[in-house]
1. Which residue pairs have Cβ atoms under 8 Å apart, sit 6 or more places apart or on different chains, and have a first residue in the range 332-347 that is on the phi > 0 side of the Ramachandran plot and a second that is surrounded by fewer than 17 Cβ atoms within 10 Å (Cβ to Cβ)?
2. Which one is most open to solvent (accessible area, probe 1.4 Å), of the residues in the range 220-258 that are at pLDDT below 80 and part of a loop (DSSP other than H, G, I, E, B)?
3. Looking at the range 324-340, which of its residues are in contact with a helix residue (DSSP H, G or I) (Cβ under 7 Å, 6 or more places away or on another chain) and either open to solvent by 30 Å² or more (accessible area, probe 1.4 Å) or at pLDDT below 90 (or both)?
4. For the range 63-83: of the residues being open to solvent by less than 60 Å² (accessible area, probe 1.4 Å) and in contact with a Ser or Thr (Cβ under 9 Å, 6 or more places away or on another chain), which is farthest from TYR104 (Cα to Cα)?
5. How many residues are at pLDDT 75 or above and farther than 19 Å from ASN151 by Cα if we restrict to the range 91-110?
6. Which ones in the range 341-374 are loosely packed, with under 15 Cβ neighbours inside 10 Å and modelled with pLDDT of 80 or more?
7. Could you tell me which residue of the range 273-302 is modelled with the lowest pLDDT, considering only residues that are surrounded by 15 or more Cβ atoms within 10 Å (Cβ to Cβ) and over 17 Å from VAL342 (Cβ atoms)?
8. Tally the residues that are open to solvent by less than 50 Å² (accessible area, probe 1.4 Å) and of a type outside the set (A, V, I, L, M), restricting the search to the range 136-157.
Amino acid sequence: MDATVPLPRRAASLARAVLPWVGVALLPVTVLLAPAVASSRGGVGFGDWWFSERYLVPLLAVVPPAGLLRRRPVLALALMVVAACVVTAAVNVPEGGYLTDIWYAQFLAIDLVVGLIAAHRSRRVSVPVAVAVLVVQITAGFVNPASDPINRATLAVLAVVTAWTVGNSVQARRGYAAAVRAHTAAEAVTAERLRIARELHDMVAHSIGVIAIQAGVGARVIDTQPAQARAALATIEATSRDTLAGLRRTLGALRRPQSESASLDPTPGLDDLDRLVAAAADAGVRVDLRRVGERRPVPAEVDLAAFRIVQEALTNVVRHAGTDRCRVTAEHGPDEVAVEIVDEGRGARVGGEGHGILGMRERVALLEGRFHAGPRPEGGFRVAAWLPAPPAAPAPPAAPAAPAAPAAHVATESAGAQTGAGDR
């Protein structure tokens, strides 16, 4: 895949970086031009729309630094305050109403920037900024033949306090929303751990039940039927090895803090992807399912994880992608299983808007696999996971049928063992 940034995107990025400083370079021009047009009666406009240049230029004097608001808001505000103060001191015409109008227009724009800083910066930054702007604004209200300096000072206090309060409230709400998302994510992590613990319990309980049954068979026929006893011991060995392998892959879930309730249905796997395709089609999304490689048995936890990843990714496509089609690829390699879900939708960024990606990443991490999720350069979204699935050990030879009497006894013991396992 070519990682070269397209020329239009590079040009747009360069323009965003350069244009704000071009505006700052033009700031002295607008500031020096304001006194010259203070007595002018000219203007600009089209048709019935017309704006006097004696008002337009002082307003433009505080606009050029606005390009720096996104990355350097404090510097932009400082330049705006300096420009407003210079215009206030330099424009000196015997028109109290005109001087009052441009003073209000310039400093109300500055007060809006104070609110913006309060919404995106900490109080340690926004409070000193608001106080400094208030002091300068009140002082500037007494410059030039101002007819209402007290009213200006009063309005300055109200405007700055209101702007800072609104901005601080926005920041507080944003912080509260972030805390709620973090708490929700923590709960999702806990729920995922509990779900994995339940799945682990089911796997261990089943294996121990099989081992208990085969051990009972072996104990009863070891003297009379050694071949059957050896077959039972072989089954016990194979079951124990499979269970230990599953424990190594899954037990890490209990060490890390994601979202799904346990199900009483049979454990699904890659063989059930057709069911997901049908469900997605019912929801309005056509899925192109591709299977690559020779299908072979894989560990149950890998099969389940691959199924859940495809399930969650298709759910995200249906809910968020804004497209009516996607592609799912399931590949069986010699020592791993890979799944990929690709759509051509909106390609939203990975973020704190949900917990599906977190859950998929956690599943893959527990199995010591690799995971990727993110927007594609050409558009849309891609989810891919590679899960280790080493070849399974050869199955042990089938045990011969047990005699009638011992089999009945073992069946009774099996029922008791299953009852005990179900109580845990």
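The values are calculated or read from the model by the stated rules, or taken from the named source; none is laboratory data. This structure is a prediction, so every number in the text was calculated from the model and none was measured. Cβ coordinates were reconstructed from backbone atoms using ideal geometry, including for glycine residues, and neighbour counts include every protein chain displayed. Just the protein is used for accessible areas: all its heavy atoms, side chains included, with ligands, DNA and RNA removed. Shrake-Rupley method; radii C 1.70, N 1.55, O 1.52, S 1.80 Å.
1. Correct list of pairs: GLY347/PRO375; GLY347/ARG376; GLY347/GLY379.
2. ARG255
3. None - no residue of the range 324-340 is in contact with a helix residue (DSSP H, G or I) (Cβ under 7 Å, 6 or more places away or on another chain) and either open to solvent by 30 Å² or more (accessible area, probe 1.4 Å) or at pLDDT below 90 (or both), so the list stays empty.
4. Of everything passing the filter in the range 63-83, PRO64 is farthest from TYR104 (Cα to Cα).
5. The number of residues fulfilling the criteria is 1.
6. Once the filter is applied, which keeps residues that are loosely packed, with under 15 Cβ neighbours inside 10 Å and modelled with pLDDT of 80 or more, the range 341-374 yields ALA365, GLU368, ARG370, HIS372, GLY374.
7. The qualifying residue modelled with the lowest pLDDT is ALA279.
8. Summing the residues that are open to solvent by less than 50 Å² (accessible area, probe 1.4 Å) and of a type outside the set (A, V, I, L, M) in the range 136-157 gives 6.
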